[in-house]
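The values are calculated or read from the model by the stated rules, or taken from the named source; none is laboratory data. Predicted model only: the values in this text are computed from it and were never measured. Reconstructed Cβ throughout: ideal geometry from the backbone, glycine too, with neighbour counts over all protein chains shown. Just so you know, the surface numbers come from the protein's heavy atoms only, side chains and all, with ligands and any DNA or RNA stripped out. Shrake-Rupley method; radii C 1.70, N 1.55, O 1.52, S 1.80 Å.
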Amino acid sequence: MNAAPEYNFAYLDEHTKRMIRRAILKAIAIPGYQVPFASREMPMPYGWGTGGVQVTAAILGRYDVLKVIDQGADDTTNAVSIRRFFQKTAGVRTTTRTEEASIIQTRHRIPEAPLKEGQVLVFQVPIPEPLRFLEPRETETRRMHALEDYGVMHVKLYEDIARHGQIATTYAYPVKVADRYVMDPSPTPKFDNPKMNDCPALQLFGAGREKRIYAVPPYTKVVSLDFEDHPFERTRVAGSCELCGSGGVFLDEIVTGDDGARIFVCSDTDHCANARDREAQ
Amino acid sequence: MTGEESPILSAQGLSKFYGSRVACDNIDIEIYPGEVLAIAGESGSGKSTLLNLLSTQAEPSSGTLVYRGRDGSPIDLRTLPEARRRHLLRTEWGFVRQDARDGLRMNVSAGGNVGERLMAIGWRNYAAIREEASGWLQRVEIETGRIDDKPDVFSGGMRQRLQIARNMVTKPRLVFMDEPTGGLDVSVQARLLDLLRGLVAEHRLAAVIVTHDLAVARLLSHRISIMKDGQIVETGLTDQVLDDPAHPYSQLLVSSVLQV
């Protein structure tokens, strides 16, 4: 039985989608700037990607191919349920293959496979405001963005070094976009930060609870903040994937037994499967 | 303080109304480079409001406010764009608050507190920031070993000294202080006053100090203005005003001080 006719295409009504598209266009026009939008109640709890889902719903077309990942994996609860949601409400084709997808909604990772022109990466964002740690007032953070008053960002990094001897921020690592706005890249590991720079794909960020959308247009400069004598360092991943043998990729630690046995495997399941396929041939 | 020098900050006809209530009424005031001006008066006399007006923390209802920048050019503070005002606040001005919690970031280490202004004006070398911060901690008599401690484990006096270091690190020309010794016990007060006197002399700092404590005014300030009901009733050299007050209210204020 096809349940699709009960819903408007991609769940949201057309007026809402237009409203979100306007916010997305503004976000693309001002890279890194947080555009407020009238976030809707979605049939899933906040924190499960309501922002990302709304962005995806607004840009999804009939011929798009959708991939959804959660921590790099296509087969975890969040990814599976969002993929099913759009299968049901939009009837679009879905995939787990990064190269085939035209839209990739993600929570916390950027795929290992390089992204191409024409692809859109949609991030689910819990806290869009990078200045929140040091400045709780929204009126004040907006003024700080407007005036490029970003001294406090370095205070945060300074504190890291003072306490841990190095910049200990390993995810949600702040970046400066197009030499202007400081942006929180959502809780992606800083391992993925360099992939955002000069990326051929369009990167969109949706925060449902906080009602903000922001964007990094294709081929935009994205620089991770740092100190001259403590430069940004990509997390070094020691070892390689237990399943496919890939090195230089982001690994997840999997506990395999009650005795504390553990293995490290690719966080990107598509990358892992491809590598194993190639090996099998 | 020579006669030929032009004032670093001058206000004319400065007024502030809250509805029909008058907090500051038509105040003329001038502060010269290297001069410490005390504003004294009882609670509710409008001295804190005046300090907020002078330091652009509050918008006056009427009047003019002109600051003379490092290069000597006059800057109209009332029409200054927000971005430049903030830059001025960070580089040429300082603000020491009565409650250190308002002037410090309590969840950030002492070093981070002192270094913040440096980072805000573009310092990007961790080692250099840390060295400068530790130098300033030493100068305000905080052990450099405590550079990574947060201010919430500091005593009241230490917090106040940390606040001063945080402000002094960009070598400001003008510092506003709101009851800097309020809530400290007397021996700690004395030490803080000593420190402030040294800094003012060493850096030829201009300062406006709001206080209800005439002893603080006597020790720190060159000139004093006595406020009552939103107006300045008397201004003069501190010793002169305190030893020989002219206005009846000043006489009352001076005679109210308990003698030990």
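Which one is surrounded by the most Cβ atoms within 10 Å (Cβ to Cβ), of the residues in segment A:173-228 that are under 12 Å from the mean Cα position of the chain (by Cα) and assigned to a loop (DSSP other than H, G, I, E, B)? Checked segment A:173-228; the qualifying residue surrounded by the most Cβ atoms within 10 Å (Cβ to Cβ) is A:Pro185. If the condition is being under 23 Å from the mean Cα position of the chain (by Cα) and within 14 Å of chain A (Cβ to nearest Cβ), then segment B:137-151 contributes B:Leu137, B:Pro151.
For the structure I just gave you, tell me whether A:Tyr158 is in contact with a Lys or Arg (Cβ under 9 Å, 6 or more places away or on another chain) and open to solvent by 20 Å² or more (accessible area, probe 1.4 Å). Considered against the rule, which asks whether it is in contact with a Lys or Arg (Cβ under 9 Å, 6 or more places away or on another chain) and open to solvent by 20 Å² or more (accessible area, probe 1.4 Å), A:Tyr158 comes out as no. Pairing residues of segment B:123-136 that are within 11 Å of chain A (Cβ to nearest Cβ) with residues that are charged (D, E, K, R), at Cβ distances under 7 Å and at least 6 apart in sequence or on separate chains, gives B:Arg124/A:Glu228; B:Asn125/A:Glu228; B:Asn125/A:Asp229; B:Tyr126/A:Asp229; B:Ala127/A:Asp229. In this structure, does B:Gly69 turn out to be surrounded by fewer than 18 Cβ atoms within 10 Å (Cβ to Cβ), away from chain A (no Cβ under 14 Å) and in contact with a strand residue (DSSP E or B) (Cβ under 9 Å, 6 or more places away or on another chain)? It is true that B:Gly69 is surrounded by fewer than 18 Cβ atoms within 10 Å (Cβ to Cβ), away from chain A (no Cβ under 14 Å) and in contact with a strand residue (DSSP E or B) (Cβ under 9 Å, 6 or more places away or on another chain). Considering only residues in segment A:250-281 that are touching a residue at least 40 places away in the same chain (Cβ under 8 Å) and assigned to a loop (DSSP other than H, G, I, E, B), the one that is nearest to A:Gly239 (Cα to Cα) turns out to be A:Phe250. Considering segment A:138-165, the residues that are more than 25 Å from the chain's Cα centre (by Cα) and in a loop (DSSP other than H, G, I, E, B) include one that is farthest from the other protein chains (Cβ to nearest Cβ), namely A:Gly165. For segment B:146-160, does any single residue satisfy the condition of being open to solvent by 10 Å² or more (accessible area, probe 1.4 Å), part of a helix (DSSP H, G or I), closer than 20 Å to B:Ser48 by Cβ and not assigned by TED's automatic domain parsing to the domain that holds B:Val114? No: segment B:146-160 contains no residue that is open to solvent by 10 Å² or more (accessible area, probe 1.4 Å), part of a helix (DSSP H, G or I), closer than 20 Å to B:Ser48 by Cβ and not assigned by TED's automatic domain parsing to the domain that holds B:Val114. Select from segment A:62-76 the residues that are at pLDDT below 95 and within 17 Å of A:Pro187 (Cβ to Cβ) and list them in ascending order. A:Asp70, A:Gln71, A:Gly72, A:Ala73, A:Thr76, listed by residue number.
Summed over segment B:215-225, residues that are at pLDDT below 95 and open to solvent by less than 20 Å² (accessible area, probe 1.4 Å) total 4.
Of the residues making up segment B:98-119, those that are among the β-branched types (Val, Ile, Thr) and at the interface with chain A (Cβ under 8 Å from one of its Cβ atoms) number 1.
Any residue in segment B:97-120 that is open to solvent by less than 10 Å² (accessible area, probe 1.4 Å), in contact (Cβ under 8 Å) with a residue 40 or more places away in the chain, touching a Pro at 6+ places or on another chain (Cβ under 7 Å) and over 23 Å from A:Ala162 (Cβ atoms)? Looking for residues that are open to solvent by less than 10 Å² (accessible area, probe 1.4 Å), in contact (Cβ under 8 Å) with a residue 40 or more places away in the chain, touching a Pro at 6+ places or on another chain (Cβ under 7 Å) and over 23 Å from A:Ala162 (Cβ atoms), one finds none in segment B:97-120, hence no. Which of the residues that make up segment A:115-137 are more than 14 Å from chain B (Cβ to nearest Cβ), surrounded by fewer than 19 Cβ atoms within 10 Å (Cβ to Cβ) and either free of Cβ contacts under 8 Å to residues at least 60 places away in the same chain or closer than 25 Å to A:Phe227 by Cβ (or both)? The answer is A:Ile127, and nothing else.
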